[in-house]
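To keep things clear, I will list the structure first and then write my remarks on it.
The values are calculated or read from the model by the stated rules, or taken from the named source; none is laboratory data. Everything numeric in this text was worked out from a predicted model, so none of it was measured. Cβ atoms come from the backbone with ideal geometry, glycine included; neighbour counts cover every protein chain shown. Areas reflect the complete protein model, heavy atoms only, side chains present, ligands, DNA and RNA absent. Shrake-Rupley method; radii C 1.70, N 1.55, O 1.52, S 1.80 Å.
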Amino acid sequence: MVGMTDTVADVTPEISPSSYDAAQRRSDAIWRKIESDPSGLRMLTGDRPTGALHIGHYFGSLRNRVRLQQAGVETWVIVADYQVITDREILGDIQGSVRELLTDYLAVGIDPERATIFTHSAVPALNQLMLPFLSLVTQPELERNPTVKAELAAAGKSAMGGLMLTYPVHQAADILFCHGNLVPVGQDQLPHLEMTRVIARRFNQRYAPEAPYFPEPDALLAPTPTVLGTDGTKMSKSRGNALMLSATEDETARWVRRAKTDAERHITYDPQGRPEVANLLDLLALATGEDPTLAAERIGDGGAGTLKRELTEALVEHLRPLRERRAAAANPGDDVLEVLRRGNERANELADATLADVRRLMGTDY
Ligand code: TRP
């Protein structure tokens with residue numbers, strides 16, 4: 001999947017193939033369970049609020065979340081504001097970023113009547129779980145995390161900040177405070193999920209040996225190609241090559257027109273040899289459900305012109321409901337932050353209850 005922020009999206013950590021395969025197998029089994037009986041599944045996932053999202057985020061993860069929500073999986077979405085300051089000093093225009101993220105959520109179809117959307121900073125009991133959780137992991141375990149290492153390198157800093165080193169533990173608190181057992185994530189997040197599982201297991205061993213208290217959550221991996229921008233490099237807002245989710249029909253057409261192809265006229269699907277053309281075919285496939293190889297065969301001598309015409313139409317059509325929901329969310333009478341206030345209230349109730357249980361299990365409930 002696509003990491004949800006530009007910084008994370010640019011990071012490709014080394015994940016061992018065996019742990020990736022194991023997570024993939026578990027995820028396949030979970031997809032089957034979701035289809036047959038989603039009861040008892042609680043999904044927790046989220047994003048760093050660093051600004052508006054693009055179609056790479058949408059096809060990589062958001063669409064999947066909405067699918068899970070529609071299938072009846074209980075949905076919790078965290079706006080991870082404390083994670084913004086893991087690899088940068090300042091929060092920037094955090095109010096604006098949070099509003100943009102919330103508007104994108106509503107546009108893609110996350111339904112605040114069914115899903116709980118909340119922020120780190122508004123849920124004190126969630127943050128307090130980090131203290132006992134930190135006691136369950138060691139410095140070498142923290143330092144070994146390949147995603148954290150890759151993010152440190154990408155941030156270009158020589159010294160690791162304390163929050164950067166420990167944010168995977170904080171992320172465990174995000175997931176465990178609500179007893180989330182399903183985390184739809186990209187490959188870059190697997191090390192964090194592994195840490196969450198370790199923390200749950202150790203907490204249970206240490207403080208709840210009779211009746212395990214925290215679930216060991218599963219990752220849900222979705223097979224999605226990396227979406228490229230107009231210049232053929234990974235789509236990222238900061239590179240200026242992205243098709244934003246808020247794009248109008250005209251902006252969508254312009255983006256497709258600008259997208260790089262190659263000198264060969266005949267269209268073929270060759271992700272290795274012709275990555276730019278393959279990216280456009282992948283996007284067409286994501287929007288229409290058609291197999292990209294078959295689409296390539298169909299278009300063939302029609303060339304890049306036909307491919308681009310079809311892609312523009314498909315994207316405009318596919319993103320139409322998003323534009324409609326965005327317009328509805330922009331109703332001047334509605335404040336998008338209201339959604340967050342309601343979500344924060346629900347998250348606080350649950351976090352308070354979990355912290356009370358944790359204190360009881362640890363014997364610190366005086
Ligand atoms: N680290 C995730 C990202 O950068 C965002 C995130 C924060 C998250 N807390 C989470 C994802 C809990 C899943 C579960 O994309």
Between the range 326-366 and the range 254-297, the alpha-carbon center distance in angstrom: 43
Equivalent ellipsoid semi-axes, the range 109-185, via Cα gyration tensor eigenvalues times 5, rooted, Å: 26, 16, 12
Ratio Rg/Rh, restricted to the range 44-124 and using Cα atoms, in which Rh is the Kirkwood radius: 0.96
Residue-averaged 222 nm ellipticity for the chain, from DSSP H runs of 4+ at -39500 (n - 2.57), nearest 500: -16500 deg cm²/dmol
Quarter of the Cα convex hull surface for the range 303-366, i.e. its orientation-mean projected area (nm²): 8.8
Karplus-derived HN-Hα couplings along the range 122-135 (A = 6.51, B = -1.76, C = 1.60, θ = phi - 60°), whole Hz, x at Gly and Pro: 9, 10, x, 5, 4, 5, 5, 4, 4, 5, x, 5, 4, 6
Against the rule of thumb 2.2 N^0.38 Å, how large the Cα Rg of the chain comes out: 1.02
Å² of accessible area per residue within the range 235-341, as computed with a 1.4 Å probe and no ligands counted: 52
Listed residues Ser236, Ser16 arranged by accessible area, highest first, probe 1.4 Å: Ser16, Ser236
Cα-based reach from Lys33 at 13 Å (exclusive), listing aspartates and glutamates while leaving out same-chain residues under 8 positions away: Asp218
For the chain: relative contact order, % (alpha-carbon pairs under 8 angstrom, 6 or more apart): 23
Fraction of alpha-carbon pairs over 23 Å apart in the range 151-259 - percent: 52
Rounded, prolate or oblate (a/c below 1.5 giving rounded, otherwise prolate when a/b exceeds b/c) for the range 235-352 by Cα gyration tensor: prolate
The chain - share of DSSP beta bridges that are antiparallel (%, nearest 5): 10
0 to 90° range, to nearest 10: angle between helix 146-155 axis and the chain longest Cα axis: 70
Charge-dipole axis of the range 56-213 as Lys and Arg at +1 and Asp and Glu at -1 on Cβ define it, positive-most pick from Val84, Leu152, Tyr213: Tyr213
Within straight-line cross-link reach of Lys149, lysines at Cα separation under 30 Å, skipping those fewer than 8 residues along the same chain: Lys157, Lys234, Lys237
